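Written out below as structure tokens is the structure these notes cover.
The values are calculated or read from the model by the stated rules, or taken from the named source; none is laboratory data. Quick caveat, the model's predicted, so the values are computed rather than measured. Neighbour counts are summed over all protein chains in view; Cβ atoms, including those assigned to glycine, are modelled from backbone coordinates with ideal geometry.
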Amino acid sequence: MCGIVGYNGPRNPKDVILDGLRRLEYRGYDSAGVAILHNGEFKRVRASGKLSELSKKLEGEAFGGRLGIGHTRWATHGVPSERNAHPHKVEGVSLVHNGIIENYQEIKQELRQLGAEFTSDTDSELVAHLIARQVRATGDLFKAVQQVIPRLKGAYSILAVWEKQPDTLVAFKNGPPLILGIGDDEIIVASDVQAIVSYTKKVIYLDDFEIAHVRGSDYKLFSATGEPLRKPVHVLNWNADAIEKAGFRHFMLKEIYEQPRAVAQAIAPHIDLERMRVRLSGVGFGVPYEKLEGLDAEQDAAKTAQQLSGIDRIFIVACGTSYYAGQVGKYLLEILARVPVETDIASEFRYREPVIPPHSLVIVISQSGETADTLAALRLAKQAGAMTMSICNVKRSSIDREAQGHLYMNSGVEIGVASTKAFVSTLALLNLFALFVARSRGQLTAEQEKHHLEALLAVPAQMETVLSYDKWFGEAAEQLKGYRGILYMARGANYPIAMEGALKLKELAYMHAEGYAAGEMKHGPLALIDERMLIMMVAPTDHHYEKTLSNLEEAKARGGHIISLGTGDNQELKRLSQYYLSLPKAEWTVSPILAVIPLQLLAYHVADNLGHDVDQPRNLAKSVTVE
């Protein structure tokens, strides 16, 4: 999840690109760089750290051309450093990349055998090598890009320039967003319309496997195979309300799109990228609340590990969406850390007179930090002598102040009543927490921890790929709203995601929906299935896949209409489903973060199509401060 900006026009490219990167810094903030034409070559300036570090290095730098590209990075391959910062440059070809090249190891091995030398640890540099080799063969940047696209597997939005075609910029994508801004004698290309809207209101949204060939202020659009395309130019009509919503129809949709950033912000404070290990920062067990800000990160992480190593049992207590996040946490903690976990709805935990043994940790989850039942459960746990920890989005909330340990979602303000980005932030934090506890208890090797962290770091970019289903659900909503109900089913860590999907549909569309463990289908829910019932089956390729497939066969045999979510190009699921939606290949630990996005989009679009108030569903409130 990185921010990219390209400019071709009469303004000072440095100013336009820096301004655009400032508006995109939410997409990445561990390094930044620009490559801008000057005296016949692309002059490259890069810096590690936040964008302000690049701005300092660019003070006084002059550029004589009208063409340039820029990038602000969220690291997935290679630690944050100037060496790994974009743009990457190979034989006169410079490029910036947002996304992940999944077959980078295969490409790297091939290039190494051909004698290539690498100056970074990134997957992105490999694309620059591929394009440079094709430029040598074709003498044309656009033709070179056409040759390279079939080689790339994964998610990518890329801007490329070449010194021997100093008026040309080529942009292409598969997954993450890429937008052309059409100005007077200028073209701006960026990851987000916020980087464009100050200069022009006319935009074109590139779809997957499309190429924009920009020469001066002219542009042409092509498919990846070179067929000319004609696409509509959209005119942004942003009034004050639209600006507040960043151009989205509702706050909820804006917040769904903010989820890659939310995950990145949630995990950034807690990962030591140099050593590729979890270092929980600012938990502060036993530290007075007012002294949390001044904690030494290394010392606090060591103390937290010591405290957690003696835990024999964990309780996770929450309400609604936060409760379903806690259920995912149960799978993560029990499988990775081998510690028993109980999950409780806060209102039940309070009144069931729970037995809380010594050496227990009670984790309470609340977006607002003010949920009445969850706060009461926290107080009950403290009275029982348990160690307590909160996961909240609002610092200095009641739950945050009263808990003994603290983790923060860092999602930013969530205005839509139905929680989205706070949910995925919580899942990301629970991933980190499970890895940390597992290592503290000696259940995880350094190599295993590194593997899981790499999977988590890849998630923001993968989420952007899944967000492309927004358009599909928008078009399908008219038909989907006609079913008498939806059964959401899954197994393992995705089972709570099925329940969360059902909750979203109930909250927003006021339709009957239920989430079930797929193995329970024949124990009752099978009676509900007929041609008027829609089934949403979450079936990624994991160790539950074969059994989930059998459940899907049973549902299809009863006439159920099926939407399935699976991994990659799954022909079996396509055969069994009325609609098949592909998710990127991911570890089971992070699969729930990806799987929930289509379920959120389904609920949003069906509710909007029915004419309901998506941001403020009837009878519901954002912070439930009464029992």
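The helices (runs of 4 or more DSSP H) falling completely within segment 234-322 that include 2 or more residues that are within 30 Å of LEU503 (Cα to Cα) and in contact with a Gly (Cβ under 8 Å, 6 or more places away or on another chain) map to 251-257, 259-267.
Within segment 82-101, restricting attention to residues that are under 16 Å from VAL5 (Cβ atoms) and among the polar types (S, T, N, Q), the residue that is surrounded by the fewest Cβ atoms within 10 Å (Cβ to Cβ) is SER94. Quick check: anything in segment 376-398 among the aliphatic types (A, V, I, L, M), closer than 24 Å to ALA422 by Cβ and part of a loop (DSSP other than H, G, I, E, B)? Yes, there is a match, as at least one residue in segment 376-398 is among the aliphatic types (A, V, I, L, M), closer than 24 Å to ALA422 by Cβ and part of a loop (DSSP other than H, G, I, E, B). Remark: pairs (first residue in segment 424-452, touching a residue at least 40 places away in the same chain (Cβ under 8 Å); second residue surrounded by 23 or more Cβ atoms within 10 Å (Cβ to Cβ) and polar (S, T, N, Q); Cβ separation under 6 Å; 6+ apart in sequence or on different chains) = VAL424/GLN259; SER425/SER411; ASN431/THR589; HIS452/THR589.
Hey, does segment 350-357 have a residue that's at pLDDT 95 or above and either in contact with an Asp or Glu (Cβ under 7 Å, 6 or more places away or on another chain) or closer than 20 Å to GLY515 by Cβ (or both)? No, the conditions are met nowhere in segment 350-357. Taken residue by residue, segment 473-493 has no member that is surrounded by 15 or more Cβ atoms within 10 Å (Cβ to Cβ) and among the acidic types (Asp, Glu). Tell me which residues, restricted to segment 143-173, are closer than 22 Å to VAL233 by Cα and either in contact with a Lys or Arg (Cβ under 9 Å, 6 or more places away or on another chain) or aliphatic (A, V, I, L, M) (or both). Result: SER157, ILE158, LEU159, THR168, LEU169, VAL170, ALA171. Restricting attention to segment 392-423, the residues that are free of Cβ contacts under 8 Å to residues at least 40 places away in the same chain and surrounded by 24 or more Cβ atoms within 10 Å (Cβ to Cβ) add up to 4.
Just to verify a result, which residue in segment 105-129, among those that are surrounded by fewer than 17 Cβ atoms within 10 Å (Cβ to Cβ) and of a type in the set (S, T, N, Q), is modelled with the lowest pLDDT? Can you show your working first?
Let us first name the residues in segment 105-129 that are surrounded by fewer than 17 Cβ atoms within 10 Å (Cβ to Cβ), namely 105-106, 109-110, 112-115, 117-119, 121.
Filter once more, keeping what is of a type in the set (S, T, N, Q): 105, 109, 113, 119.
On the way: GLN105: 91, GLN109: 94, GLN113: 94, THR119: 94.
So, considering only residues that are surrounded by fewer than 17 Cβ atoms within 10 Å (Cβ to Cβ) and of a type in the set (S, T, N, Q), the one modelled with the lowest pLDDT is GLN105.
Of the residues making up segment 45-81, those that are of a type in the set (D, E, K, R) and buried (at least 17 other Cβ atoms within 10 Å of the Cβ) number 3. Selection of first residues in segment 287-316 that are under 20 Å from ALA386 (Cα atoms) and in the same structural domain as ILE363 (by TED's automatic domain parsing) and of second residues that are among the acidic types (Asp, Glu) and modelled with pLDDT of 85 or more, restricted to Cβ pairs under 6 Å at least 6 apart or on distinct chains, gives the following pairs, ordered by first then second residue: PHE315/GLU342.
In segment 424-443 there is no residue that is assigned to a strand (DSSP E or B) and within 21 Å of VAL341 (Cα to Cα). Residue selection: VAL197 satisfies the criterion of being closer than 23 Å to LYS471 by Cα, in a loop (DSSP other than H, G, I, E, B) and out of contact with any Cys (no Cβ under 8 Å at 6 or more places or on another chain). For segment 324-338, the criterion of being among the hydrophobic types (A, V, I, L, M, F, W, C), under 22 Å from the mean Cα position of the chain (by Cα) and more than 30 Å from GLY515 (Cα to Cα) is met by none of the residues. Annotation note: of LYS395, LYS421, the sole residue that is in the same structural domain as PHE349 (by TED's automatic domain parsing) and farther than 21 Å from TYR289 by Cα is LYS421.
Suppose we filter segment 342-370 for residues that are surrounded by fewer than 24 Cβ atoms within 10 Å (Cβ to Cβ) and not in a strand (DSSP E or B); how many remain?
Applying the first criterion (surrounded by fewer than 24 Cβ atoms within 10 Å (Cβ to Cβ)) to segment 342-370 yields 342-345, 347-348, 350-360, 368, 370.
Now restrict to residues that are not in a strand (DSSP E or B): 347-348, 350-359, 368, 370.
The total comes to 14.
Being among the charged types (D, E, K, R) and closer than 20 Å to SER322 by Cα narrows it down to one of ARG441, ARG491, so name that one. It would help to see each step written out before you state the result.
Numbers: ARG441 fails: closer than 20 Å to SER322 by Cα.
Unique residue meeting the criteria: ARG491.
So, ASP167, is that one in a strand (DSSP E or B), touching a strand residue (DSSP E or B) at 6+ places or on another chain (Cβ under 7 Å), in the same structural domain as PHE42 (by TED's automatic domain parsing) and not basic (Lys, Arg) or not? When the stated conditions are applied, ASP167 passes them.
Among the candidates ALA476, ALA461, ALA418, single out the residue that is assigned to a loop (DSSP other than H, G, I, E, B), more than 20 Å from LEU332 (Cβ to Cβ) and at pLDDT below 95. Give the steps one after another, and end with the answer.
On the way: ALA476 fails: assigned to a loop (DSSP other than H, G, I, E, B); ALA461 fails: assigned to a loop (DSSP other than H, G, I, E, B).
Checking each option against the conditions leaves just ALA418.
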